[in-house]
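Have a look at the structure below, then the notes.
The values are calculated or read from the model by the stated rules, or taken from the named source; none is laboratory data. Since this is a predicted model, take the numbers as computed values, not measurements. Every residue, glycine as well, gets a Cβ built from its backbone with ideal geometry; the counts of neighbours run over all protein chains shown. Keep in mind that these areas ignore ligands, DNA and RNA; they rest on the heavy atoms of the full protein, side chains included. Shrake-Rupley method; radii C 1.70, N 1.55, O 1.52, S 1.80 Å.
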Amino acid sequence: MESSRALIFCIIFLSFFCLLCCAEEEVNLSINGAISIAKTDDNFICATLDWWPETKCDYNQCPWGKAGILNLDLGNKILANAIKAFSPLRIRIGGSLQDQVLYKVGTSAPKCPHFKRIENGLFGFSKGCLDMDRWDNMNKLFQETGAKITFGLNALTGRKKSNKNDILMVGNWNPKNALDFMKYTASKGYKIDSYELGNELCGNGVSARIEAEQYGRDIIVLKKLVQELYPDPVTQPKVLGPAGFYDKQWFNTFLKTSGPNVVDGLTHHIYNLGAGFDSTLINKIQDPKFLDQVSQTYKEISTSIKLFGPWSGAWVGEAGGAYNSGGKEVLGSIGHDINIQPQGFCRQSLIGGNYGLLNTTTFIPNPDYYGALLWHRLMGKNVLSASHNGSPYLRIYSHCSKKTAGISVLIINMSNSTTIDVKVADEYKDENQREEYHLTPKDGDILSDVLLLNGTPLKLTESSDIPAMNPQLVDATSPIKVAPDSIVVATLKGFRASACA
């Protein structure tokens, strides 16, 4: 009798435990393939190479090591293979110290100083310098890997501090040093996809700021220089700006001042998670209400473009989640989601800080690297409307497939306990097998630095190559099963989408 009661209790307990920990939910997904609701750039994914020296430290940690532009081991095989795998990867050369950088070319920069810690310097550092030998070696890497380059120019040359405001910089931009650098770059045949003027100088600024009208006049100067150096419209680099945090009045004034067809990409930065020391980062990054807040910023930027700069496009020029080098052990793990669809999206760092796609010391790819690589390979530039009847912890994005017929769907399940069965609406009738890529953290730990693809750990090959990322084939008539704390990318070749024809 007692053993029977114990058995009944055990069954009830296990059933209750399964309800809590093994829950499943069915969700209907509807995708409108008739029209494209937005378009991204062909090379949507981007990562930044930053200028930070080894002495860049925040919150009792110095996470940059030798990952800065001037210290990076350009001959590292893992680095080259990681870039080459994207074929191509857009790389942005820039960051906080770019407005402190002199270019050792011509007569306008007779000295070539190293970055040093100084009390009253911009971001606490003195001016630094890029010599042309280093620039030549950088371009050797870019040419070997096929990278597309966005170069951030120093926008503070020629200016001085205002007497009224200790971070307001006044005066016209002096482009002489930048022009010498651009001339050298063009003469060597180095390909530049776009030039960006300054970093985080708009609105209230960070360590320095420029008024919108002045910046608008300066970027007109840059546009004219680009047109003179690159007269062929086919190979002419784009002009981007202002590379900072969105301020409605500042951005609108800037667009009105610069005028038609000057700014090709309106770049803004996103650090919606706050400071890197925040102990609640792990909660914020999984909170759909918090993540949705950034959508409002994107809508406002889109309105600014529609009203004052329809020739331009919205680009996320830098995003790291949390500023000041990110959150230790958080932003290199699985689970980062930003619910917007700009033309381009640039991660704060390719390598360095706590949010680099590659490990600062070993160069080994972090989980976010593989997620970005899958997006780049599978998600095309035409964005489709996707809606579902599930929880806000379920995020779904749909694009035309990049290289095959049909569509690709990215599904993020931020629930830590519920498996989601996603059923695609009736427009999808495919009797063939579906390709699925399931990304899960090792042992279910979202802070793990080991990522599994379809149950197999992703790790470099013996020759330091990026591993093959092959899909699993699934009956196309079955739902897409998305495990807790996981990401799935599925290619639906049989989906009839006229927008993808």
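Based on this model, can you work out whether residue 7 counts as outside any loop (DSSP other than H, G, I, E, B), at pLDDT 90 or above and of a type in the set (A, V, I, L, M)? Show your work before the answer.
On the way: outside any loop (DSSP other than H, G, I, E, B): yes; at pLDDT 90 or above: no; of a type in the set (A, V, I, L, M): yes.
No; evaluated as a whole, the condition is false for this residue.
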Checking residue 82 against (1) open to solvent by 20 Å² or more (accessible area, probe 1.4 Å); (2) assigned to a helix (DSSP H, G or I), which test does it fail?
(1)
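Name the residues in region 230-254 that are in a loop (DSSP other than H, G, I, E, B) and open to solvent by less than 40 Å² (accessible area, probe 1.4 Å), would you? Write out each step before concluding.
From region 230-254, those in a loop (DSSP other than H, G, I, E, B) are 230-237, 245-247; that's our starting set.
Result: 230, 237.
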Going through (1) within 25 Å of residue 104 (Cα to Cα); (2) open to solvent by less than 30 Å² (accessible area, probe 1.4 Å) one by one, residue 269 fails only at (1)
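Considering region 204-229 alone, what residues qualify as being open to solvent by 70 Å² or more (accessible area, probe 1.4 Å) and touching a strand residue (DSSP E or B) at 6+ places or on another chain (Cβ under 8 Å)? Steps first, please.
Residues of region 204-229 open to solvent by 70 Å² or more (accessible area, probe 1.4 Å): 204, 211, 213, 217, 224, 227-228.
Within region 204-229, 211 is the sole residue that qualifies.
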Which condition breaks for residue 381 when tested against (1) of a type in the set (Lys, Arg); (2) closer than 20 Å to residue 27 by Cα; (3) under 18 Å from the mean Cα position of the chain (by Cα)?
(2)
Exactly one of 142, 125, 151 is over 16 Å from residue 92 (Cα atoms), touching a Phe, Trp or Tyr at 6+ places or on another chain (Cβ under 8 Å) and open to solvent by less than 60 Å² (accessible area, probe 1.4 Å), and that residue is 125
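Considering every residue within region 439-453, establish whether at least one is within 19 Å of residue 474 (Cα to Cα), among the β-branched types (Val, Ile, Thr), buried (at least 20 other Cβ atoms within 10 Å of the Cβ) and modelled with pLDDT of 95 or more. Show your work before the answer.
Of the residues in region 439-453, the ones within 19 Å of residue 474 (Cα to Cα) are 439-440, 452-453.
Adding the requirement that they be among the β-branched types (Val, Ile, Thr) leaves 440.
So of that shortlist, the ones also buried (at least 20 other Cβ atoms within 10 Å of the Cβ) come out as 440.
Still in the running and modelled with pLDDT of 95 or more: 440.
Checking region 439-453: at least one residue is within 19 Å of residue 474 (Cα to Cα), among the β-branched types (Val, Ile, Thr), buried (at least 20 other Cβ atoms within 10 Å of the Cβ) and modelled with pLDDT of 95 or more.
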Could you list all residues from region 178-203 that are part of a helix (DSSP H, G or I) and open to solvent by less than 10 Å² (accessible area, probe 1.4 Å)?
178, 181, 182, 185
For residue 158, only one of the following conditions fails: (1) closer than 27 Å to residue 236 by Cβ; (2) outside any loop (DSSP other than H, G, I, E, B); (3) not polar (S, T, N, Q). What is its number?
(2)
